[in-house]
1. Among the listed residues 129, 83, which satisfies the condition of being modelled with pLDDT under 90 and assigned to a helix (DSSP H, G or I)?
2. Considering only segment 41-50, I want to know if a residue exists there that is crowded, with 18+ Cβ neighbours inside 10 Å and either at pLDDT below 85 or closer than 19 Å to residue 113 by Cβ (or both).
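The values are calculated or read from the model by the stated rules, or taken from the named source; none is laboratory data. Quick caveat, the model's predicted, so the values are computed rather than measured. Cβ: placed from backbone, ideal geometry, glycine included. Neighbour counts: every protein chain shown.
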């Protein structure tokens with residue numbers, strides 16, 4: 001492309017301004033929920049009877065980071081369980097139509113799920129990754145089955161296309177014979193008495 005053509009291209013934003021604000025809000029809630037859940041997880045481990053030692057700063061930091069990572073997987077979890085919560089968080093028209101308190105209810109539910117995911121971050125991430133892998137395996141099996149069906153149907157279509165082509169050849173050769181016969185009759189018929 002020439003520079004003049006590139007200058008004429010207009011870049012559209014991937015996310016509208018309202019959706020970008022919702023995305024930033026979702027990320028902020030994920031960080032907050034993940035940090036709170038990570039701290040709670042660290043505190044619960046500290047007070048459990050199995051562990052008598054208090055956590056050091058690096059241990060607290062690792063719990064917070066793992067909690068935040070788990071919280072950022074919550075939208076994937078919501079998608080896998082086919083929850084409408086993720087859609088409702090980004091649906092600005094629905095948010096405008098509802099009263100503001102109902103919108104905040106969805107945000108509090110989301111942050112609560114983030115906190116719970118962060119508190120059991122290792123188990124949550126392991127279970128979620130297992131579910132994603134199982135879903136991918138299922139979809140790859142479906143794709144393979146569909147590929148096999150498509151190949152079988154392609155062979156059937158090719159077979160029918162060959163039949164049609166053969167019938168067309170027969171019709172064409174029959175038509176040529178009739179035309180030749182009509183032409184020969186015309187010559188003999190025109191030369192007659």
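1. 129
2. Yes, segment 41-50 contains a residue that is crowded, with 18+ Cβ neighbours inside 10 Å and either at pLDDT below 85 or closer than 19 Å to residue 113 by Cβ (or both).
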